[in-house]
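Have a look at the structure below before the remarks.
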Amino acid sequence: MPTATSVSVLLESGTFGEIVMTRTPRLSWATATDAADWEQDGAEVEWDSTGGALIRELAGPSAAAVAWPFSPLATGQRGTVRVRVHAKATGWSPWSEPVPVRCGVTDGWSAAWIAHPGARAEQCPVRLRQAVSVRPKLRSALLYATAHGVYQASVDGIPVDDERMKPGWTHYGDRDTYACTDVTALLTEGTHAVAVDLAAGWYAEKFGFNGLERYIYGSQPAFSAVLRLEYKDGTVEEVVTDGTWDVTDEGPILSSGIYAGEQVDARRREPGGWVPAAASPVTHVPVPRTSPPVRVTEELSPVEVIRTPGGATVLDFGQNLVGRLRISVDGPAGTTVTLRHAEVLEHGELALRPLRRATAIDRYTLAGGGPETWEPQFTFHGFRYAQVDGWPGELDPADVTALVIHSDMRRTGAFESSHGLLDRLHENVVWSMRGNFLSIPTDCPQRDERLGWTGDIQVFAPTASFLHDSDAFLSSWLEDLALDQTSDGSVPFVVPDVLESAAIGTAAWGDASTLVPWTLYQRFGDLDTLARQFPSMRRWVDWMASRTGENLLWEDDFQFADWLDPTAPPDRPADAKADKDLVATAHLFRSADVVAQAAGVLGDDAAAQHYGDLAARVREAWLRQYVTASGRLMSDAQTAYAVAIGFGIVDDERRDAMGARLAELVERAGYRISTGFVGTPLIADALTDTGHADVAGRLLLNDENPSWLYPVTMGATTIWERWDSMLEDGSVNPGEMTSFNHYALGAIADFLHRRVAGLAPAAPGYREVEVRPLALDGLDRARATFESAYGTHEAGWERVGEGVRLRVVVPPNTRATVHVPGADAPVTVGSGTHEWVAPATVRTGGTASFSVDTPLVEIRRSDVAYGAVREALIAMLGREGASDLLRTLEWGPRGTFRMQALLLPPGVVDAVDRALAAV
Ligand code: BGC
């Protein structure tokens, strides 16, 4: 009797509901079975559409992102797809549930752009309208719509869907994307009023800094749409945007901007001032939007009502989030409620300085005559706190709700451990991803920026690919990156390139062009994106290579390099300890190496040879230039070693020595983080891979300023831009660039998933994983789960008695190579749940007694001894004095407290000595 198997099918990841924005949707299917070591040897896919059912037989194990095995779908075509799978041991599975599929792609574009014809105020939204008559026997109505701006369409006052900020931000003009919405249910027989609210959005926002802000695309929004009505008798009618539409700028939304916020006067619900719309031809045919839609994904209620020292009413939502507020209010007509937003409080009031030019104020003027519910439509804010002014009567916090909005991606990855602060750090990473994956991957969601900074997503993409199914989202953004690249291959700082920075490529930022597609290939098995991006990838490497001299070193160009190194002064974030040219050339090596590997995967042997050879020569040049005779790096900084080890530049001989030097530098710094954007995602792996997992663990679990956990101890609920966006005294960092919601430094979460819990992808799309967990001191357990196309993978461990129990769940059709701690060789296992108990690694005994003459590194390695020193210093110097001293001491293998404390007030050394003796 064969074991029961069942199959579930997943459509292309940018797809929500049945509408797919491609004619050839990729299919994935997961098999559930309790058969051990189950591997598919074949599958059948059935497509049932008008004209009957077709079946395709596929040989082999492929089940993730499988190419559409039928002819491309026709516009509007519908049907269902189902799959059954075969394995020798279990025979054929039953067919999966049928999954409905409908093609949301249309050909050509018969509609015009329409806009208000008059000269108008900046950021003043418009309303467009058209009467649509529907004959009897309508079979289906699909609305294909795009905007230079953001829009929502309604039929007889009912919004066509629950999406926000449509159609999102792309390289407008060259790549306008349309959404396809099924509006059949709203269009019964008769005449209907189709209306569209259209606002500036990203299109008519002013971008730039320091007085250079300006319109990049245009100052007024425009809209274009095709409403395709298909009748049961087979006739098709198209209602298109043209000069017969009417438009007014006297609607209720007075103004709306991404940075400024939205002002609404509800008394203007029935606007006058209608004039014929100005129509202009569409020169670039819009393309289907493949990035998932933006939606409200969660609602939060205030956790506290705060009366500020200045007398204002502030609501605390308990979580720094991205979205807007919905209010329910009842009061006299003409009353205006004002909502201000901020991420943190400073001196008890909203800290607005970090928002810079983004005023982030929403205003609602009541229509009166009964309860009114309102949410701004075309803006979003990054906030935890909201100040409410002008509320009629007593404010009931239940009348204000925070709506969390972002691109609605499937959550796929989770992590948890025995360490409360570490788990909160991970949660903060998740929130920062949610807040900054809103149509494009942004640096931050609150100030006058919110741009697609390439460096930030370059370091964060592996983490993002674990937490959510971000394949379609990032793949869509990469199309814009390629469009924004200069003809000779340079990549801008931000995509879409509203800073017009494309000519000045910089290392680590421009490498988003190579490393993000490579990540999507490794994490999702997305070969299509890799193939599509390959020309862009190689052009970036060619451009970097063109910046080098004969010596193959990339020197003397502008670089952000190890941006936001914690010792860089607040107003000079690029002043890192690691040499910028060393970092730049290391990225040339890394990207050339990745392009060579990608070429290999794509079967382009000549390119594989060319870039492999380039990588080898750059590596030689780098080693020659930057490694000293004794094997140190000429730039003796943690990021430099992390790059050398992490990118695989250093040869095996010198690798261990470099790892040892890196560990020593980390210990000297007292396990306080010393890296910026470049070194931070690499350092924990570099330590672990060279045998210093213990040091990586202490670095990870340290909670002193600066560290990953310091913000958590300060109440952070998202990842901060700076290690100390908030200083220890609760004031906001004086740097003019201080956000509390920046995912870049959260790239460490990838280490938590892959190394601490031990769930690392080993073959594209997680068909194979490598489990090599780290039972770090300070943790009693850790666990990660990931939903790949194949099903749920899990790896985790917990301490039991003297040992560590390892648990690994392998979904059908995949394998795991497991390194059981203490075992000589790894084991490879197939589907099922597997457990091992391994002896815990013996913790090093450490120093038995301490004094002011003990090497400082030994004191720092002992939590008790270090705690004793800290307490003694607080008693003698006060909190601030103790904290300053502990930060500046060098916790090296040779120095002692007595030697380093020469300039301390009398008595301090003795007090510390007494405290150490008592340990
Ligand atoms: C952004 C970044 C970005 C950086 C580059 C900042 O203004 O917020 O995160 O990568 O500039 O210099």
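Structure above, values below:
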{"read-out": "Filtered residues of segment 463-486 (kept if under 9 Å from the mean Cα position of the chain (by Cα) and of a type outside the set (A, V, I, L, M, F, W, C))", "value": "T463, S465, H468, S470"}
{"read-out": "Selection status of T506, of a type in the set (S, T, Y), within 10 Å of the ligand (Cβ to nearest atom) and more than 19 Å from I748 (Cα to Cα)", "value": "yes"}
{"read-out": "Check on G91, closer than 30 Å to W68 by Cα and loosely packed, with under 13 Cβ neighbours inside 10 Å", "value": "yes"}
{"read-out": "Candidates D556, D581, D562, D571, filtered to the one that is assigned by TED's automatic domain parsing to the domain that holds R722 and at pLDDT below 95", "value": "D571"}
{"read-out": "Residue check, D471 of a type in the set (D, E), modelled with pLDDT of 95 or more, crowded, with 24+ Cβ neighbours inside 10 Å and within 10 Å of the ligand (Cβ to nearest atom)", "value": "no"}
{"read-out": "Filter pass, S487 being of a type in the set (S, T, Y), more than 15 Å from the ligand (Cβ to nearest atom), modelled with pLDDT of 95 or more and in a helix (DSSP H, G or I)", "value": "no"}
{"read-out": "Complete set of residues in segment 509-522 that are aliphatic (A, V, I, L, M) and either within 14 Å of the ligand (Cβ to nearest atom) or touching a Cys at 6+ places or on another chain (Cβ under 8 Å) (or both)", "value": "A512"}
{"read-out": "Test: Q446 is within 15 Å of the ligand (Cβ to nearest atom), under 12 Å from the mean Cα position of the chain (by Cα) and buried (at least 24 other Cβ atoms within 10 Å of the Cβ)", "value": "no"}
{"read-out": "R410 basic (K, R), over 23 Å from W797 (Cα atoms), more than 16 Å from the ligand (Cβ to nearest atom) and crowded, with 24+ Cβ neighbours inside 10 Å", "value": "no"}
{"read-out": "Answer from L425, L481 - the residue that is among the aliphatic types (A, V, I, L, M), within 16 Å of the ligand (Cβ to nearest atom) and crowded, with 23+ Cβ neighbours inside 10 Å", "value": "L481"}
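Quick grid of which residues meet (1) part of a strand (DSSP E or B); (2) at positive phi; (3) modelled with pLDDT of 95 or more:
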| site | (1), (2), (3) |
| --- | --- |
| R23 | no, no, yes |
| V45 | yes, no, yes |
| V81 | yes, no, yes |
| V85 | yes, no, yes |
| A89 | no, no, no |
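The values are calculated or read from the model by the stated rules, or taken from the named source; none is laboratory data. Keep in mind the model is a prediction, meaning the values are calculated, not measured. FYI the Cβ positions are ideal-geometry reconstructions off the backbone, even for glycines, and counts take in every protein chain you see.
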